[in-house]
Every structure is written in structure tokens, then in C-alpha cells.
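Enquirer: What follows is a single structure, and I will ask about it in a moment.
No value in this document is a laboratory result; all are computed from the given coordinates. Fair warning: this is a prediction, and the values are worked out from it, not measured in the lab. As a convention, Cβ positions derive from the backbone with ideal geometry for all residues, glycine included, and neighbour counts pool all protein chains shown.
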Amino acid sequence: MGSFGFPEFMFIIRAAGWTLLLTAVAFLIGGLLGGALAIMRLSSNRIVRSIASGYILVIQSIPVLMVLFMSYYGLSLFGIELPAFFAASLSLSIYVSAYLAEIWRGCIESVPFQQWEASSSLALTRGQQYRYVILPQAIRIALPPTVGFLVQLVKNTSIVSVVGFVELSRAGALVNQATFLPFQVFSVVAAIYFVICFPLSRLSRHLEKVMNAGRSH
Amino acid sequence: MPAVVIEDVHKSFGQNEVLKGVSLSVEPGQVVAIIGRSGSGKSTLLRCINGLEVIQSGRIEVAGHTMTEDPKALRDLRKDVGIVFQSYNLFPHLNVVENIILAPKLAKGVSDGEARERARAVLAQVGLSEKIDAYPDNLSGGQQQRVAIARSLAMQPKVMLFDEVTSALDPELTGEVLNVMENLAKGGMTMLLVTHEMSFARNVADVTVFMHQGKIWEQGASEELFASPKTPELQAFLRSGVH
């Protein structure tokens, strides 16, 4: 039986790096896709709207785990072997895109419709309206819930341990198997999650306060 | 050629027909006030003139453009037709000068320097030169509305529409906005305004149009229309004092 010493600790810390990387990649790719989906959901074209809402509906209605299994095991049936990190990034990105799309759609819709009327009356194109009038206001509204979602994402990355990817949770489990010191090991793992998530939660809270203070009507 | 031609315009919201065959013609430089009870269709008529409301039938021509749903043609029309709203609708994330230069630069391709030059000119026109760097939230309602007028003027429109622009203002702030509009009228701007300010309509508008139940019920030279209203509906409206 091993002991829970410095090498084990560093093993967990390195795995925390993978958790952060996975979070960053999923947030970046999922965010880009989610932003596009949010705008598609608000398109005046019915087909574009349906494609986006169909995608969001399907992804939100199935567990991330299924998306993960499908990308990891499912694609291998067709001869496409995805390394665990890619399968994990892919499925988390898909999950992130559907949720951010809905959060952001709500934020875009909460910009008063008079802003659309005023800007279209000034002969701006729809793209210009988004770029210069609507999105700058929507992004302010979106910051607190987006950071809040990011906290959820950090914790939810633990799900990818089931396909053998060694992120923070999985590293904890491995060290525990070798040391049988579950309390110490998982305390450290939990503490690391806390150190990552707590500042983000506070940031989200803070942003919400700042936004409310800045809203005078 | 008239600056605005409205011919037999019909407009419904679902089952509710709000414009029941409206025709109106406005000459260049003319100021036309549209009055009537709420629900008479006066704001809807104004919003049809720059395409914010889509009409079911009839024809609208403004500043040489025919009303259309084609986005490109509609933008061309809107470059020549300004509108000012009851709720100002300034862009809250931009300061005064940024509010004003945005559309001339984006929609008309005016250079930044030229747009800022224009902004200074229109701000002087509405008496707010010193507020050039202020944010909308730090301005009074009257000031915000004057900036909104300036923003519209910076596009150098041929026709200006005013949709109850003083209705959201405290009584002591309406004067400053009405002054700006009166000066515009004197400067020869073609203006259509939906208003509850009867004395302004009477004194500044060349023509006043009384709308009732989705139709133009009565119209004429403002002085005459207010002095001797012909229809019982207009008589009752002017007597009621609730405008």
C-alpha cells in the first residue's frame, strides 16, 4: 500500500491542470457554437430557427454521459478512434453549446425591443444592429449567468473520468486505490475544486451586483 | 412632388383593424400634427411611414422612396426618414457623441471626422454642446430626447417623424423639446408628429389631422381646425381636455 505523499499530491495537481484545460476548451468551443446557436434561435428564418431549437432540445434532453459514450464508443464502431481527451472535449463542448445558447438567447431577448426599433430606424443592417447595439448590451447582462455556468462546467468535467480520462476526480480515485486514504485524498481533491470554483462564484455574484447597480431603469 | 404620400392604407393587428383606409399627403417643408384619442391609430400610422409596421394594403411613398419589405430598399428609405420615439431609445452603452455618429458612419459611410463634425453641429442645434461626452443615464429626460432628435438629424433626413416625443416627460421638461422642434419647423424640415400638445399643434403645425377609429376624421389648416372643428367627434375631443 502506498502513502499519500508529495508525488501523489503532484499527480493530483497535474490532473487539476487537465480539468482546467478541459474546461477552457469546452467553454471556448461550446461558447462559439452556443453564440451562433443563440443568434440562429432568434433568426427571422423559420428553418434556421428550427435547426437551432431542435439541436438545443435534443442535447438538453439527454445526459452528457450519453453524448460522451456516443463520441467515445459510438464513433469507434465506425472506425473513428477518438483519444479520450478529444472525445471528452467534443462531448463537453456540445453540452456547453446547448446550455449557453439558451442562456445567451435569454440575454439577447432581454435587451429592450426599442433598441432594435431605434437602430433599424437609423438604417443599420441586422448584423450592424447585433454588433454595435444589441450584443454590447446583451453581453453585460450575460456575464453573471455565464460565469455561474462556468462553475458548473468545472465540476461537470468530472464526468469524463468514465472514459478513462484522468482529470481531477479520476486522479483522486486512482490515488485512493493505491493508498486507501479516501478521507485525505478526497479532501484534497475537494479543496482543489473549491479553490477553482469559489473565486468564480464570487466573481459571478460581484458581477451581478455591479450590473444591478448600473441599471438605472 | 409631395414629401409623403399615403394612399388608402390598411393595417390590422390580428383581427383588429387599426387603420381603415388612410390617405394623406404632405408637402416638403410642411409640418403636420396628428391628434386623436389613444387607440385611434395615430401612432401606428406614423410607424407605417418608416416601415416599423408593415401595412396590409395601400401605398406609402416617402422622400421619393416607395415603401417595401425588401431590407435593402427599406434601409435606403430610412436613411432619408428620421424618427424620434416617446421613450427616447438612446443606446445606453454609448455616450452622446457615439450615439450620434454611429449611424452616419455605418449606414451612410460618413468618415469619423465628418461624423464628429456633424455631431457637434446637431448638438449645438438642440442646445446640448456641453453634453457631448455624457452617457444617456446621466441626462434628464428632456436632454435625452434632444439627443435623440440630434441623433436623427445627423443622418440629414428629408422627413422627420415624432411619435409622442413629450409624453414621457415631466411637464417642466416638455418646453425644451418643443422649442427644438419649433426651430426645426422654422428651418423648413418636413415633419409629421403625433402629439398630445394641442397648443403646439395649433401654433406650429401647418396642418392638423384628427384621427378617429382608424380613419382620418377631419383635417385642415391648424388654426382653422382648432377654431372651428366641424365633426362632433373632434368637438368632443377638443372639449374633453384629455388628450
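Enquirer: Any idea how far the Cα center of the range B:31-76 sits from the one of the range A:22-77, in Å?
Expert: When both Cα centres are located, 41 Å separates them.
Enquirer: With the radius of gyration and the Kirkwood radius both derived from the Cα set of the range A:59-110, what is their ratio Rg to Rh? Don't jump to the answer; show the numbers that get you there.
Expert: Numbers: Rg = 13.4 Å, Rh = 11.9 Å.
Ratio value, two decimals: 1.13.
Enquirer: Continuing with this model, one more query. In nm, give the distance between the simple-model label positions of B:Gln213 and B:Ser240, each being 7 Å from the Cα along the Cα-to-Cβ direction.
Expert: Roughly 1.4 nm, to one decimal.
Enquirer: Then there's this: Can you tell me the relative contact order of chain B? Whole percent, Cα pairs under 8 Å, sequence separation 6 or more. All intermediate terms of the calculation are to be shown ahead of the outcome.
Expert: Working: 461 pairs, mean separation 65.3, N = 243.
Result for chain B is 27 percent.
Enquirer: Of A:Trp104, A:Trp116, A:Trp18, which is the most mobile in a GNM of chain A whose springs link Cα atoms less than 10 angstrom apart?
Expert: Residue with maximal mean-square fluctuation among A:Trp104, A:Trp116, A:Trp18: A:Trp116.
Enquirer: Note down the net charge around A:Gly17, summing +1 for each Lys or Arg and -1 for each Asp or Glu among other residues with Cβ under 15 Å from its Cβ.
Expert: Values: positive: A:Arg14, A:Arg170; negative: A:Glu167.
Result for the neighbourhood of A:Gly17: +1.
Enquirer: Taking Cα centroids, how far is the range B:101-135 from the range A:142-163 in Å?
Expert: For the range B:101-135 versus the range A:142-163, the Cα centre distance is 44 Å.
Enquirer: Pull out the extension gain between A:Phe78 and A:Leu32, defined as 0.36 nm times the separation in residues minus the alpha carbon to alpha carbon distance; nm, one decimal. Walk me through the numbers on the way to the answer.
Expert: Values: separation 46, 0.36 × 46 = 16.56 nm, distance 2.75 nm.
Stretched out fully, the A:Phe78 to A:Leu32 stretch lengthens by 13.8 nm.
Enquirer: Here's something else I'd like to know. Could you please rank A:Glu81, B:Glu98, placing first whichever residue has the fewest other Cβ atoms within 10 Å of its Cβ?
Expert: On the way: A:Glu81 10, B:Glu98 17.
Ordered from fewest to most neighbouring Cβ atoms within 10 Å, A:Glu81, B:Glu98 come out as A:Glu81, B:Glu98.
Enquirer: Taking a threshold of 24 Å on the Cα-Cα distance, which of the pairs B:Lys20/B:Lys230; B:Lys158/B:Lys186; B:Lys42/B:Lys131; B:Lys105/B:Lys158 fall above it? All intermediate terms of the calculation are to be shown ahead of the outcome.
Expert: Values: B:Lys20/B:Lys230 21 Å; B:Lys158/B:Lys186 14 Å; B:Lys42/B:Lys131 33 Å; B:Lys105/B:Lys158 18 Å.
Violating the 24 Å limit, Cα to Cα: B:Lys42/B:Lys131.
Enquirer: Could you name the aspartates and glutamates whose alpha carbon sits less than 14 Å from that of B:Lys72, not counting residues in the same chain fewer than 8 places away?
Expert: B:Asp80
Enquirer: Determine the percent antiparallel among the DSSP beta bridges restricted to chain B, to the nearest 5. Can you show the working numbers first?
Expert: Working: 21 of 39 bridges.
Here the antiparallel bridges make up roughly 55 percent for chain B.
Enquirer: Between 0 and 90 degrees, rounded to the nearest ten: what's the tilt of helix B:96-108 against the longest Cα principal axis of chain B?
Expert: 80
Enquirer: Please give the helix B:171-186 orientation as an angle from the longest Cα principal axis of chain B, in degrees from 0 to 90, rounded to the nearest 10.
Expert: So the inclination is approximately 90 degrees.
Enquirer: Pairing the Cα long axis of helix A:182-214 with the longest principal axis of chain A, what angle in degrees results, from 0 to 90 and rounded to the nearest 10?
Expert: Between the helix axis and the principal axis of chain A, the angle is about 10 degrees.
Enquirer: Under a straight-distance cross-link criterion of Cα-Cα below 15 Å, which aspartates and glutamates are reachable from A:Lys155, leaving out those fewer than 8 residues away in the same chain?
Expert: A:Lys155 reaches A:Glu167.
Enquirer: Additional query: So what's the back-of-envelope 222 nm ellipticity for chain A, counting only DSSP H runs of four-plus at -39500 (n - 2.57) apiece and dividing by all residues, rounded to 500?
Expert: Numbers: 8 runs with 160 residues, N = 217.
That comes out to -25500 deg cm²/dmol.
Enquirer: At a threshold of 8 angstrom on Cα-Cα distance, excluding pairs fewer than six apart, so keeping six or more, what relative contact order does chain A reach in percent? If you can, show how the numbers build up before the last one.
Expert: Values: 222 pairs, mean separation 64.2, N = 217.
Computed over chain A, the figure is 30 percent.
Enquirer: Multiply the residue gap between A:Leu203 and A:Phe11 by 0.36 nm, knock off their C-alpha separation, and tell me the result in nm, one decimal place.
Expert: Difference between extended and current length: 66.3 nm.
Enquirer: Here's a follow-up. How large is the helix-only mean residue ellipticity at 222 nm for chain B, computed as the sum of -39500 (n - 2.57) over DSSP H runs with n ≥ 4, divided by its residue count, in deg cm²/dmol to the nearest 500?
Expert: So the calculated ellipticity at 222 nm is -11500 deg cm²/dmol.
Enquirer: Another question, if that's okay. With the cut-off at 30 Å, report for chain A the share of all Cα pairs above it, as a whole percent. Please report the intermediate quantities before stating the final value.
Expert: Values: 8523 of 23436 pairs.
Distances greater than 30 Å cover 36 percent of the Cα pairs.
Enquirer: B:Ala63: net charge of surrounding residues, Cβ under 12 Å, Lys/Arg +1, Asp/Glu -1, itself excluded? Before the final figure, lay out the partial values.
Expert: Numbers: positive: B:Arg78, B:Lys79, B:Lys158; negative: B:Glu61, B:Asp76, B:Asp80.
The answer is 0.
Enquirer: Considering only DSSP beta bridges with both partners in the protein assembly as shown, what is the antiparallel share in %, to the nearest 5?
Expert: Numbers: 21 of 39 bridges.
If we restrict to bridges inside the protein assembly as shown, about 55 percent are antiparallel.
Enquirer: What distance in nm separates the simple spin-label points at A:Ile51 and A:Arg126, each placed 7 Å from Cα in the Cβ direction?
Expert: 1.3
Enquirer: With a point put 7 Å past each Cα toward its Cβ, work out how far B:Ala73 is from A:Phe194 in nm, to one decimal.
Expert: Calculated label separation equals 6.7 nm.
Enquirer: Percentage of Cα-Cα pair distances in the protein assembly as shown greater than 41 Å, rounded to whole percent? Intermediate results must be reported in sequence, preceding the final value.
Expert: Values: 40024 of 105570 pairs.
Value for the protein assembly as shown: 38 percent of Cα pairs lie more than 41 Å apart.
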